[in-house]
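All of the numbers you see were taken from the coordinates with simple rules; none came from a lab. Nothing here was measured: the structure is a model prediction, and the numbers come from that model. As a convention, Cβ positions derive from the backbone with ideal geometry for all residues, glycine included, and neighbour counts pool all protein chains shown.
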Amino acid sequence: MTGPLAGIAAAAPTLAMLACFACLIGGVRLIRQRRDKRKGVLMIVLAAVLLGNVVIWSM
């Protein structure tokens, strides 16, 4: 890909993986501290969706 958005396109998978790890850690932390189980599960699901997107982008 060339053009003004090439740098953003190259950085998108990296940023998505960082967000994936942050959501996974945050979700597990919410569940373990028994603060809000529903939000914790939703954050883990979001991490799985982000991981799936990165896998699809890298194919």
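Evaluated with a Cβ-only charge set (Lys, Arg +1; Asp, Glu -1), the chain carries a dipole of roughly 520 debye about its Cα centre, given to the nearest 20. For the chain, what does the alpha-carbon gyration tensor say about shape, rounded, prolate or oblate, given a ≥ b ≥ c as the root eigenvalues, a/c under 1.5 as rounded, and a/b over b/c as prolate? Since a/c reaches 1.5 and a/b is larger than b/c, the shape of the chain is classed as prolate.
When the chain is described by a simple charge dipole with +1 on each Lys and Arg Cβ and -1 on each Asp and Glu Cβ, the residue from Ala22, Ile56, Leu5 located farthest towards its positive end is Ala22.
Measuring from a point 7 Å past the Cα of Ile8 along Cα-to-C-beta, which residues in region 36-59 have an amide N at less than 19 Å? So the set is 54, 57-58. Fully extending the segment from Val45 to Gln33 would add 2.5 nm, taking 0.36 nm per residue of separation and subtracting the current Cα-Cα distance.
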